[in-house]
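Scroll down for the structure; my scribbles are underneath it.
Each value in this text was obtained by applying a stated rule to the coordinates, not by laboratory testing. All values reported here derive from a predicted model rather than from experimental measurement. Because the Cβ atoms are built from the backbone with ideal geometry, glycine has one as well, and the counts that use them run over all protein chains shown.
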């Protein structure tokens, strides 16, 4: 029995000693591995130090305290402790861990070239189900973007089920336009990323971010504070951003945010101006790394930071960089709801603002719905809906360079270039108050568009307006004066205009140009110009050369009485002191006599006079058609005597009830 007990004690001593030896060996091995990783960091040119290292063999938990890593470009990462639980090594030298926790983490990012610094403080960062490199990857060349490349490369090499941080504080400092430092503090709450797989994230977001900027003392508007709540992004892909940082093209636009949203946004500026957004949504945010490059972004930032006027060469370079920045971004849609902007005297609100289909520097549509305003306590302009279509920013950049060289004068070519910046306008439910309490301007609906460019000139133009309600001024020419004399304060006007160039037929067609004023008249004109060469639109010299060949085509004028004839007769009769019907009979007789006198000049004159007389006698719809008898040159018609020119046309006229 003694031998058995002695044997058991011996085994226990051996096992215990072996276990303690294994623990001591594992801890020594852990320290050696940590030292090896930090030695590799130092070999890569970084300063890298750490404090005590601990390893729990049973839990496979590694603890490293007092970590400090500094790169040659001034980037510094520190952590009070790093705890890695459930650690294991995978094939290829990577590690896997059930949980990684970094405490009192800080990251300092100086940018000597820009004169700015950024510091991030993270009390606690937790990564769950990590798989990736055991250390920081290389950030590449020291060119001011090392931290960006390092972060994106690290994400591309990493998988994790979740990354979370209860709070993150960012402190930024950068020089302002006057040279004074502008400081900003940004605080994020409850950041999280779900299902990170080699740079792709199923979801990322935060509960709230607050920010405070202390701007230049002499510029209150440069100071601001605000918050953004409930930010969420789904299906995030950092590969396009990594390609941007690496200078690699991807063959066009690549999406990095599929969907983003935010619950609320509020910002208040130092001058008292505030802006508030109830919610925001966006889809399809993308970049083209082949167009948008870090060099272009740096160039744009350099020009923006310059306090001196740019010379011509630098101005053109700035325009080129700005153009690439615009063409390098794209998004499918972005909507802000319940928007309000306020200053000391005015308020502007909108139910929604939507930007749609932005790519290649062109915005498909900018839509405002439910707009309202107030100024000095008085109601301002309101609008149910307004749309700017085909808003292109590149012509605006080119125009800014032209104006910079030519001064403030806006020439014809510059004005045409400005016209190319937008393709059309739509407005509905617009009410614009007038000064001194006059009737407001109202627009039920209006659509205005142009396009089909030849050179700088648009060769198609369309206008449609309904319910255009305007005040009737008494000092305007007829027929508005007649309407004012009749006691009308406002009139409702409808307009329709379609003008276009047909390249195949070499013709300019007006079909139609019409207007309708309720209680007055409706008028419509259709016309055509033939033998219009394409070169007429290319430049002024070509236009002068093409003008003599342009021919006048058929034209049709339609006039419908809606009360204007009665108003004319009554106003004229009152001034003459006779009855309106007596004046009507006199005018009918005079028209017939004058038409008969014109018969030698035009055989169609009597028929035309009879139709006009019939229209005056019993107002309805008068239709007059002019058809060239032979070729009629536009320039000859403009320069000639109208009474003689009528001989070149056959005229038909008809009056219908």
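Give the angle, between 0 and 90 degrees and rounded to the nearest 10, that separates the Cα long axis of helix 564-576 from the longest principal axis of the Cα atoms of the chain.
Helix 564-576 sits at roughly 50 degrees to that axis.
Determine the distance separating the Cα centre of the range 33-100 from the Cα centre of the range 329-367; give it in Å without decimals.
So the separation of the two Cα centres works out to 46 Å.
Could you calculate the contour length gain from residue 44 to residue 618, that is, 0.36 nm times the residue separation minus the distance between their Cα atoms, to one decimal place in nm?
In short, 196.7 nm is gained.
Does the range 130-243 come out rounded, prolate or oblate, given a ≥ b ≥ c as the square roots of the eigenvalues of its C-alpha gyration tensor, rounded meaning a/c under 1.5 and, failing that, prolate meaning a/b above b/c? Before the final figure, lay out the partial values.
Numbers: a/c = 2.77, a/b = 1.55, b/c = 1.79.
Cα axes put the range 130-243 in the oblate bin.
Would you mind listing how long the range 550-657 runs along its three principal axes, going by Cα atoms, in whole Å with the largest first?
48, 26, 22
Mean residue ellipticity at 222 nm from the helices of the chain, using -39,500 (n - 2.57) per DSSP H segment of n ≥ 4 over the full residue count, to the nearest 500 deg cm²/dmol? Walk me through the numbers before you get to the answer.
Working: 14 runs with 177 residues, N = 657.
Helices in the chain give a 222 nm mean residue ellipticity of -8500 deg cm²/dmol.
Mind sorting out which of (i) -0.42, -0.55, -0.67, -1.12; (ii) -0.43, -0.60, -0.77, -1.19; (iii) -0.44, -0.58, -0.72, -1.25 is the real log10 I(q)/I(0) by the Debye sum over Cα atoms at q = 0.05, 0.06, 0.07, 0.11 Å⁻¹ computed from the coordinates?
(iii)
Residue 466 to residue 232: FRET efficiency via 1/(1 + (r/R0)^6), r the Cβ-Cβ distance, R0 35 Å, to the nearest 0.05? Provide the component values of the computation, followed by the final result.
Working: r = 42 Å, r/R0 = 1.20.
Efficiency at R0 = 35 Å is approximately 0.25.
In nm, give the distance between the simple-model label positions of residue 197 and residue 138, each being 7 Å from the Cα along the Cα-to-Cβ direction.
Here the modelled spin labels are 2.9 nm apart.
First measure r as the distance between the Cβ atoms of residue 190 and residue 248, then evaluate 1/(1 + (r/R0)^6) with R0 = 41 Å and state the FRET efficiency to the nearest 0.05. Walk me through the numbers on the way to the answer.
Working: r = 34 Å, r/R0 = 0.83.
With R0 = 41 Å, the Cβ-Cβ based efficiency is 0.75.
With r defined as the distance between the Cβ atoms of residue 631 and residue 541 and R0 fixed at 30 Å, what FRET efficiency is calculated, to the nearest 0.05?
Details: r = 25 Å, r/R0 = 0.82.
For residue 631 and residue 541, the calculated efficiency is 0.75.
Can you tell me the orientation of helix 394-406 relative to the chain, as the angle in degrees between its alpha-carbon axis and the longest Cα principal axis, to the nearest 10?
Computed tilt is about 70 degrees.
Starting from the Cα-Cα distance between residue 597 and residue 162, subtract it from 0.36 nm times their residue separation and give me the gain in nm to one decimal. Could you put the intermediate results ahead of the total?
Working: separation 435, 0.36 × 435 = 156.60 nm, distance 9.61 nm.
Extending this stretch completely gives an extra 147.0 nm.
So what's the angle, to the nearest 10 degrees on a 0 to 90 scale, between helix 605-617 and the longest Cα principal axis of the chain?
Taking the Cα atoms of the chain, the angle to 605-617 is about 80 degrees.
Report the label-to-label distance for residue 585 and residue 435 in nanometres (one decimal), using points 7 Å from each Cα along the Cα→Cβ vector.
5.1
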